[in-house]
């Protein structure tokens, strides 16, 4: 009989504990699928004394991740510690340099040190798998790296953070403010005590950096991504979006352009008819648009112990089968450098909400400034509670919400026009601008 794959797990939190349970409960099926048994032979965690609902009898306890990585009896190190630095980084490097396979769910580490670790894996004939680092149970890493290896990808984009999707869903359905929904998300455990990493878009950016590398053969570069969060979104924006046939989502978008790969994270209006617009609450989704195939969308739980553990075990199963591919789909030396694309060059449609001063000439002033920048409007909506017409009201109200939807234009043109409108003093406050992503 083929010798079992001997697994060592660093980290016994929600995910790590679930991986141990899954390997135990699925032992027979895994052996059948992989052609060999898979066994957890050693583990480590921050404290051994902590009470866990796990039967660890017969499983060795390592004092730290490095001892686990150096253990000659361990064939595959599973890193579930988290964090972009130590001890996860050096433990993984130790295992790879010893020729051991590594499976990790650590998006922060892969986004920051993925190339360094991939080089070590290539140099020592080791495997580095990280399916669970992006989208948990959604098999997007394998889809881009292997399933679509023969397809030229034009665009990959998605909802990559469940916290933000939950907040936007509640805001839309219940008309609540961002702050109200955030507090509720924290109460339910969907958001951290310090939620900035999620709601400011940085979690999505780390995941997008990994997907962009897989899709376009570029070096992982989180600092090459434009990042904007969701805290500026209001219930008024969501109501307007709905009335106009759109829904607002925080998207991570990587797209091939004539000037290179554009990577961006920001609130986005998507048509209600699109697959990604149907994805609500804490669910994640990724859409891939490639040459010769219609856009395909993968949807599923993007976080949680069971979902993440499922992806981790799938990676372990590949190791047991002897499957080994370049971590980013190509040798590291063939990955191209990418630079941050200035958002001023971005071209697309825009939603613009203005608080216009309600006196004669305001509408004409706004229209003139847009025309100067060659911006054409697809629609214009005046939202006045008393139905007052902005162009003819004669000052009966102090300010009127006006919503504009533009045809495709350049971002720098939009902001030049809005600066001119502000100088004309025909609007109050800061204009709200949300990009539109078509199907």
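Scanning the range 43-71 for residues that are closer than 17 Å to residue 103 by Cα and either more than 32 Å from the chain's Cα centre (by Cα) or not assigned by TED's automatic domain parsing to the domain that holds residue 132 (or both) returns 67, 70, 71. Taking the range 178-204 as the range and being surrounded by fewer than 20 Cβ atoms within 10 Å (Cβ to Cβ), in a loop (DSSP other than H, G, I, E, B) and at pLDDT 95 or above as the test, only 200 passes.
Taking residue 103, is it buried (at least 24 other Cβ atoms within 10 Å of the Cβ), assigned to a strand (DSSP E or B) and touching a residue at least 40 places away in the same chain (Cβ under 8 Å)?
yes
Residue 306 meets the conditions (1) modelled with pLDDT under 95; (2) touching a helix residue (DSSP H, G or I) at 6+ places or on another chain (Cβ under 8 Å); (3) assigned to a strand (DSSP E or B) in every case but one. The failed one is (3).
Checking residue 115 against (1) at pLDDT below 95; (2) in contact with a helix residue (DSSP H, G or I) (Cβ under 9 Å, 6 or more places away or on another chain); (3) on the phi < 0 side of the Ramachandran plot, which test does it fail? Status for residue 115: all satisfied but (1). When the range 357-377 is filtered for residues that are touching a strand residue (DSSP E or B) at 6+ places or on another chain (Cβ under 8 Å), at pLDDT 90 or above and outside any loop (DSSP other than H, G, I, E, B), the ones remaining, listed by number, are 366, 370, 377.
State the number of residues belonging to the range 159-177 that are crowded, with 18+ Cβ neighbours inside 10 Å and in a helix (DSSP H, G or I). It would help to see each step written out before you state the result.
Restricting attention to the range 159-177, the residues satisfying the condition of being crowded, with 18+ Cβ neighbours inside 10 Å are 159-172.
In the following step, the residues that additionally are in a helix (DSSP H, G or I) were identified as 162-172.
Selection size over the range 159-177: 11.
Evaluate the range 380-387: report whether one residue or more is at pLDDT below 90 and either assigned to a helix (DSSP H, G or I) or within 30 Å of residue 257 (Cα to Cα) (or both). Checking the range 380-387: at least one residue is at pLDDT below 90 and either assigned to a helix (DSSP H, G or I) or within 30 Å of residue 257 (Cα to Cα) (or both).
Does residue 144 count as assigned to a helix (DSSP H, G or I), more than 30 Å from residue 239 (Cα to Cα) and in the same structural domain as residue 240 (by TED's automatic domain parsing)?
Considered against the rule, which asks whether it is assigned to a helix (DSSP H, G or I), more than 30 Å from residue 239 (Cα to Cα) and in the same structural domain as residue 240 (by TED's automatic domain parsing), residue 144 comes out as yes.
With respect to residue 349, determine if the residue is over 14 Å from residue 421 (Cβ atoms), in the same structural domain as residue 124 (by TED's automatic domain parsing) and surrounded by fewer than 20 Cβ atoms within 10 Å (Cβ to Cβ). Spell out the reasoning first.
On the way: over 14 Å from residue 421 (Cβ atoms): yes; in the same structural domain as residue 124 (by TED's automatic domain parsing): no; surrounded by fewer than 20 Cβ atoms within 10 Å (Cβ to Cβ): yes.
No: the conditions fail for residue 349.
Answer with yes or no whether residue 167 is touching a residue at least 24 places away in the same chain (Cβ under 8 Å) and over 23 Å from residue 238 (Cα atoms). Explain how you work it out, then say what you get.
Details: touching a residue at least 24 places away in the same chain (Cβ under 8 Å): yes; over 23 Å from residue 238 (Cα atoms): no.
So residue 167 does not fit the description; no.
Within the range 1-31, take every residue that is outside any helix (DSSP H, G or I) and closer than 15 Å to residue 44 by Cβ and give me the one that is farthest from the chain's Cα centre (by Cα). Break it down stepwise before answering.
Of the residues in the range 1-31, the ones outside any helix (DSSP H, G or I) are 1-13, 26.
Okay, now just the ones that are also closer than 15 Å to residue 44 by Cβ, so 6-13.
Values: 6: 32, 7: 29, 8: 28, 9: 26, 10: 25, 11: 23, 12: 25, 13: 22 Å.
Checked the range 1-31; the qualifying residue farthest from the chain's Cα centre (by Cα) is 6.
When residue 135 is tested against (1) buried (at least 24 other Cβ atoms within 10 Å of the Cβ); (2) modelled with pLDDT of 95 or more, only condition (2) is not met. With at pLDDT 90 or above, closer than 28 Å to residue 77 by Cα and either assigned by TED's automatic domain parsing to the domain that holds residue 184 or in contact with a strand residue (DSSP E or B) (Cβ under 6 Å, 6 or more places away or on another chain) (or both) as the only criterion, which of 243, 315 stands out? Checking each option against the conditions leaves just 315.
Considering the conditions (1) within 25 Å of residue 114 (Cα to Cα); (2) modelled with pLDDT of 95 or more, residue 261 is excluded by exactly one of them, (2).
The values are calculated or read from the model by the stated rules, or taken from the named source; none is laboratory data. All values derive from a computational prediction rather than experimental measurement. As a convention, Cβ positions derive from the backbone with ideal geometry for all residues, glycine included, and neighbour counts pool all protein chains shown.
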